[in-house]
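Q: Below is one structure. I have some questions about it.
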Amino acid sequence: MNDRIFLDSAGSSLPPPEVLDEVVGHLRREAEVGGYVAAQEREDDLEAGYGVFAELLGASPDEVAFTDSSTRAWLTAFDAVPLAAGDRVLFSEAEYAGTAIPILRRAREVGATAEAVPSDEFGQIDVDALKDLLDERVKLVSLVHVPTNSGLVNPAREVAAAAHEVGALVLLDACQSIGQMPVRADELGVDLIAGAGRKWLRGPRGTGVLVVRRPAAERMRPRLIDLHSAEWVAPDEIRLRDDARVHEIWETNVAARLGLIAAARYALARGIDVIEREVGERAGRLRDGLDALPGVTVRDPGLRKAGLVTFTVDGVAPADVRDRLAAAGVTVTVSGASSALLDMTRRGLDEVVRASPHYFVEPAQVDQAVEAVAAVSRSAR
Ligand SMILES: *Cc1c(COP(=O)(O)O)cnc(C)c1O
């Protein structure tokens with residue numbers, strides 16, 4: 001499908017033709033009949049999309065909302081969780097900067113505290129330490145499922161069970177996990193899930209999804225509302241929608257939404273368990289190959305590992321490794337301390353190279369990528 005070796009599905013993956021056709025086809029149709037008529041023609045498919053994501057994420061269709069990114073989904077949910085002076089928010093040490101920043105800011109603003117939960121010896125969130133930190137003042141636990149900067153998979157189910165003991169809501173940043181492994185609200189027991197389209201799901205850019213479980217919805221106070229999320233029923237009266245779409249606003253990129261739905265259908269048709277196994281094989285092969293190279297250090301903590309493979313090469317800056325691999329036809333990226341500050345600082349890392357092979361990467365291509373890294377490493381010695 002591509003003569004380059006594409007190892008950046010954790011950044012922005014390659015959409016399959018089914019997704020591309022849906023997006024481009026809809027844009028063409030908008031140019032023919034206008035955006036409103038074009039959307040009306042696809043009303044049933046757009047509606048069915050809630051069911052598709054309900055199936056993918058182990059929720060019901062009325063617990064699903066579409067957004068324009070994972071961050072938007074996360075922010076919308078976070079903003080709706082009531083937080084007052086004296087409350088506490090706990091978050092994972094491998095937290096993404098894009099979610100840690102709003103937590104730190106809002107906690108300061110309202111007089112709440114924001115505390116990172118330590119990691120255990122394997123680099124995962126330490127569930128025993130979490131239990132020690134939890135009390136009834138904790139209103140929210142924010143957990144990154146798979147971080148942006150390593151192959152770690154955090155134990156979401158255990159975290160949710162512990163948090164619920166004190167009545168705290170659990171917001172799962174599943175941006176790096178949806179599309180590469182099962183992420184089901186019903187199985188994990190989390191209250192809120194934010195996910196992206198463009199990463200492992202192979203959807204278009206500018207798409208995201210939010211799951212809000214029913215019991216959590218009753219405790220949330222959505223504030224970013226418009227005439228889609230609420231109705232103006234009398235001069236001084238409004239009525240909020242009573243489903244998760246209260247977290248959506250009216251205007252949306254319909255072509256991208258259709259592409260996102262097509263991407264989810266595509267993933268479900270392949271089978272999420274199959275995808276998880278295939279990604280695991282690729283990533284495992286890559287990790288083992290890199291691990292065996294002198295001068296190369298794999299940097300992935302965690303007991304259970306995802307499709308992100310991070311590493312450093314002695315004597316070569318990660319950005320130079322990336323550029324030299326690019327010249328050799330291998331696409332990887334660099335993850336820096338500023339995107340996961342606590343985790344990177346704790347592990348004494350400034351930058352790592354991140355390679356994230358999806359199932360469409362052939363095992364032989366993985367081996368070629370390992371050989372390309374070996375060449376970079378040899379040249380430094
Ligand atoms: C990419 C990423 C995000 C943000 O996703 P956007 O789609 O850019 O909003 C959030 N969390 C993690 C762990 C990520 O890797």
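The values are calculated or read from the model by the stated rules, or taken from the named source; none is laboratory data. These numbers come from a predicted model, not from an experiment. Methodologically, a virtual Cβ is constructed for each residue, glycine included, from the backbone with ideal geometry; neighbour enumeration extends over all protein chains shown. Heavy atoms of the whole protein, side chains included, go into the accessibility calculation; ligands, DNA and RNA do not. Shrake-Rupley method; radii C 1.70, N 1.55, O 1.52, S 1.80 Å.
Q: Springs between alpha-carbon pairs under 10 angstrom, Gaussian network model over the chain: which of T297, T71, T99 fluctuates most?
A: Most flexible of the set in this elastic network: T297.
Q: Find how many whole Å separate the alpha carbon centroid of region 97-133 from the alpha carbon centroid of region 227-279.
A: Rounded to whole Å, the Cα centres lie 28 Å apart.
Q: Each label point is 7 Å from the Cα along the Cα-to-Cβ direction; what then is the distance between the points at E362 and R105, in nm?
A: 4.7
Q: Turning to a different aspect of this structure: What ranking of W232, W250 comes out by heavy-atom accessible area, probe 1.4 Å, highest first?
A: Greatest to least solvent exposure: W232, W250.
Q: Largest first, what is the accessible-area ranking of T345, T333 with a 1.4 Å probe?
A: T345, T333
Q: Order S60, S379, S338 by their accessible area, 1.4 angstrom probe, all chains in place, largest first.
A: S338, S379, S60
Q: Over the heavy atoms of K131, what accessible area does a 1.4 Å probe trace out, to the nearest 10 Å²?
A: Near enough 110 Å² of accessible area.
Q: Now, a different point. In terms of the Cα gyration tensor, with a ≥ b ≥ c the square roots of its eigenvalues, is region 214-297 rounded because a/c is under 1.5, prolate because a/b exceeds b/c, or oblate?
A: Since a/c reaches 1.5 and a/b is larger than b/c, the shape of region 214-297 is classed as prolate.
Q: With springs only between Cα atoms under 10 Å, which of V117, V316, V334 fluctuates most in a Gaussian network model of the chain?
A: Maximum fluctuation in the GNM of the chain, among the listed residues, is at V316.
Q: Can you give the helix-only mean residue ellipticity at 222 nm for the chain, where every DSSP H stretch with n ≥ 4 adds -39500 (n - 2.57) and the sum goes over all residues, rounded to the nearest 500 deg cm²/dmol?
A: The per-residue figure over the chain is -13000 deg cm²/dmol.
Q: Mean-square fluctuation check for the chain, GNM, Cα pairs under 10 Å: which of A234, A163, A185 is largest?
A: Among A234, A163, A185, the largest mean-square fluctuation in the Gaussian network model of the chain belongs to A234.
Q: Per the 1.4 Å probe, what fraction of the accessible area of region 17-270, in percent, lies on carbon and sulfur atoms?
A: Whole-percent figure for carbon plus sulfur exposure: 51.
Q: What's the center-to-center distance, using Cα atoms, between region 280-350 and region 16-35 in Å?
A: Centre-to-centre (Cα) distance: 37 Å.
Q: Keeping all protein chains in position, work out how much accessible area L303 exposes to a 1.4 Å probe, and write it in Å² to the nearest 10.
A: 110
Q: For region 17-270, what does the relative contact order come out to in percent, with C-alpha contacts under 8 Å and a separation of six or more?
A: Relative contact order comes out at 26 percent.
Q: Is any helix in the chain, taking whole DSSP H runs, at least 18 angstrom long along its axis by alpha carbon and on average at least 0.5 on the Kyte-Doolittle scale, and which ones?
A: Both cut-offs are met by 254-270.
Q: Accessible area per residue for region 17-270 in Å², computed with a 1.4 Å probe and the full protein assembly in place, what is it?
A: Accessible area per residue, region 17-270: 43 Å².
Q: Write down, largest first, the equivalent ellipsoid semi-axes of region 17-270 in whole Å, where each equals the square root of 5 times an eigenvalue of the alpha-carbon gyration tensor.
A: Largest first, region 17-270 gives 32, 22, 14 Å.
Q: Heads up, I need the accessible area for E248: 1.4 angstrom probe, whole protein in place, Å², nearest 10.
A: Roll a 1.4 Å probe over it and E248 shows about 10 Å².
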